[in-house]
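Note sheet for the following structure.
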């Protein structure tokens, strides 16, 4: 799964209706250009592609006062909203997502209701534990990776990755259970996008 689709759909959804420059600025503010393939060219390509696919609705706005070409603004269609939440849920539950995909999903986690977020993270934790159990059928950490030659280091890496992923997931579940963050339906959401001034909105 590519992170760019989730990132672009989520960024447009946060604005309600946004042009490419707003989406690009938001994702750069998140640092997504550092940890994903969300570079300017990829963002604009994704917007146009998803508009052709019916996930986004495109509106051509009036030309700028400086005489530039009209801007195209985008908003999610019903199909786009369904795709967004399907990507978000899949990204949170799978144990083997790439870091950029999981990072994007965590950024939009609060678009879900609290109980659903907890359920999805619980499924992710269970998948990690099943994956680790499968590895341990072929590798015994107490014997050390050398017992399998240098290939044992692969198994050792998988076990450590599973442990780290499980620990992080448990910690996030505990924080959410304690009431951390504002989820869908609980009140005004955290606004993690840039305003027209280019500055992040203040969150009380």
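The values are calculated or read from the model by the stated rules, or taken from the named source; none is laboratory data. These numbers come from a predicted model, not from an experiment. Every residue, glycine as well, gets a Cβ built from its backbone with ideal geometry; the counts of neighbours run over all protein chains shown.
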Note down all Cβ pairs under 7 Å where the first residue falls in region 89-104 and is outside any helix (DSSP H, G or I), the second is surrounded by fewer than 19 Cβ atoms within 10 Å (Cβ to Cβ), and they're at least six residues apart or on different chains. 94/127; 95/127; 95/131; 97/1
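Considering each of 80, 10, 68 in turn, give the residue that is in a loop (DSSP other than H, G, I, E, B) and either surrounded by fewer than 17 Cβ atoms within 10 Å (Cβ to Cβ) or at pLDDT 90 or above (or both).
Numbers: 80 fails: in a loop (DSSP other than H, G, I, E, B); 10 fails: in a loop (DSSP other than H, G, I, E, B).
Going through 80, 10, 68 in turn, the sole match is 68.
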Only one of 138, 130, 123 that is in the same structural domain as residue 164 (by TED's automatic domain parsing) and assigned to a loop (DSSP other than H, G, I, E, B): 138
Qualifying residues in region 13-52 (those that are in a loop (DSSP other than H, G, I, E, B) and free of Cβ contacts under 8 Å to residues at least 24 places away in the same chain) - the one nearest to residue 189 (Cα to Cα): 31
Just a yes or no: is a residue in region 119-134 surrounded by 16 or more Cβ atoms within 10 Å (Cβ to Cβ) and farther than 30 Å from residue 11 by Cα? yes
